[in-house]
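The values are calculated or read from the model by the stated rules, or taken from the named source; none is laboratory data. The shown structure was predicted, so the numbers you read here are calculated from the model rather than taken from an experiment. Glycine gets a Cβ as well: all are built from the backbone with ideal geometry, and neighbour counts include every protein chain shown. Just so you know, the surface numbers come from the protein's heavy atoms only, side chains and all, with ligands and any DNA or RNA stripped out. Shrake-Rupley method; radii C 1.70, N 1.55, O 1.52, S 1.80 Å.
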Amino acid sequence: MASPERNKKILLDMVKQPSNDYCADCGAPEPDWASYKLGVFVCVNCSGTHRDLPAISRIKSIRLDFWDDSLVEFMKTRGNAAANAFYEKCVPPFYYRPQEKDCVVLKDQWIRAKYERREFTGENNSLPYSSGLYEGILWKKGKDNKQFLKRRFLLSETDFTLRYFTKEDSKKPKAVISMKDLNAVFQPEKIGHAHGLQISYLEEERTRNLFVYHDNSQEIVSCFNAIRATRFAYLKKVDPNAKDSDLVPLITRSSIKEGYMEKTGPTQWEPFKKRWFILNLTDRKLSYFKTSLDALELGAVFIGTEGHGYSVREGQSKGSRSGRWRFAVTLETPDRQFVFLCDQEQDQREWIEAFKLVISQPMLPQHYNTEANMRRMKK
């Protein structure tokens, strides 16, 4: 007869072991759930997707549910390391492995790809995102309105471009986007759709955004990983001697902070205007837009290191013009002083910490080029 307390203790001891102490799928610490069909320990969020796959996975709480002796013995023969050695054997280096804080659609499709479709065991060699060519229909937000319209997208590794067409049968693209500066990141809350994807690129040295989605979660994640595959191939061509581990962080980049602040002009007597700001660590740029869903960047500020004359502090100079919001952040650059106003003190603290993180990182050779290009544009 099974002993609930004994079995619970065995499971709690197992989940403290290396590799079992993090979710097998997203890496969240201290997982409290386990799949007794797959032999893996997972977090509460990933357990939801496992429940949706009853033919593949069966979930129990290691603290609250009853565990039969046979199930505990099975778990003892498996574990996260052994399971991932099989189910993640052939994950392509460009494929995005979601982390704890990533959006639901990324984690959901990662779990389904691992266990349901078994895309990474070496059994399946014809994957839609790794063929060097992707074509599909996405809903794209119009540039000057909130309406989303169907657009055909064509991604090619042959010339490292992403094209989109206003008509499905059109041969002339509306835009041809180079992989050189392309970025893609999921933004479900900003776009207002669970599968919302933001694609950004440079157009005459200014960031332009495309906001797209697809109703099918597998399709949008396949599109995202196809973009990553093509961008990875581009980076390999540019630097064939680089290690994969050095290139992977450069494929697509998430911002370290986004949100609204108020901004004034160079004399600091111009009226404060509310703008949407995006701070990226990879290119050391603070970009700003009229709204969170604007297509074209209004401007950008390069952020160097303290040794190059950059610093950030709380508050603003006495006698400066005030705005509607009152929590000020002052950013010093060699060219001018920027004053931003935040609505909440928490936002002020987060922006200051984000700026300090960028300033603390050493500048790389490409950053000097970015700084020079941005200064040239302002002349």
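Structure values in brief
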item	result
Mean Cβ neighbour count within 10 Å, used as a protection proxy, ranking 262-271, 29-38 highest first	29-38, 262-271
Of all accessible heavy-atom area on the chain, the percent that carbon and sulfur account for (1.4 Å)	49
Contour minus Cα-Cα distance for residue 324 and residue 102 (0.36 nm per residue)	76.6 nm
Per residue value of the accessible surface for the chain (all protein chains in place, 1.4 Å probe), Å²	51
Karplus-derived 3J(HN,Hα), 6.51/-1.76/1.60, for each residue of region 269-281, Hz, glycine and proline x	10, 6, x, 6, 10, 6, 9, 8, 10, 10, 10, 10, 7
Shape category assigned to region 4-116 from the gyration tensor of Cα positions, a/c cut at 1.5	prolate
Helical mean residue ellipticity (222 nm; -39500 (n - 2.57) per DSSP H run of 4+; nearest 500) of the chain	-8500 deg cm²/dmol
Gain upon complete extension [residue 176, residue 298; 0.36 nm per residue less C-alpha separation]	41.8 nm
Cβ-placed point charges (K, R +1; D, E -1), dipole of region 133-247 about Cα centre in debye, nearest 20	380
Contact order relative to length of the chain, as percent, for alpha carbon pairs under 8 angstrom and 6 or more apart	10
Shape call, region 269-346: gyration tensor on alpha carbons, a/c limit 1.5	oblate
Global geometry of region 181-338, whether rounded, prolate or oblate, following the gyration tensor of its Cα atoms and the 1.5 cut on a/c	oblate
Residue-span extension gain [residue 118 to residue 51] - 0.36 nm each, minus C-alpha spacing	22.4 nm
Within region 84-162, GluC sites (Glu not before Pro) in DSSP loop having at most 14 other beta-carbon neighbours inside 10 Å	123
The chain - charge dipole about Cα centre, Lys and Arg +1 at Cβ, Asp and Glu -1, debye rounded to 20	1120
Sum of side-chain charges, residue 133 neighbourhood, beta-carbon under 12 Å (Lys, Arg +1; Asp, Glu -1)	-2
Size of charge dipole - region 255-378 - debye, nearest 20, with Cβ of Lys, Arg +1 and Asp, Glu -1, no other charges	380
Phi-based couplings in Hz for region 149-157 (Karplus 6.51, -1.76, 1.60; Gly and Pro marked x)	10, 5, 9, 8, 10, 10, 10, 10, 7
Karplus-derived 3J(HN,Hα), 6.51/-1.76/1.60, for each residue of region 218-227, Hz, glycine and proline x	5, 5, 5, 6, 5, 4, 4, 6, 5, 4
Pair residue 64, residue 9: separation of 7 Å Cα→Cβ label points (nm)	2.4
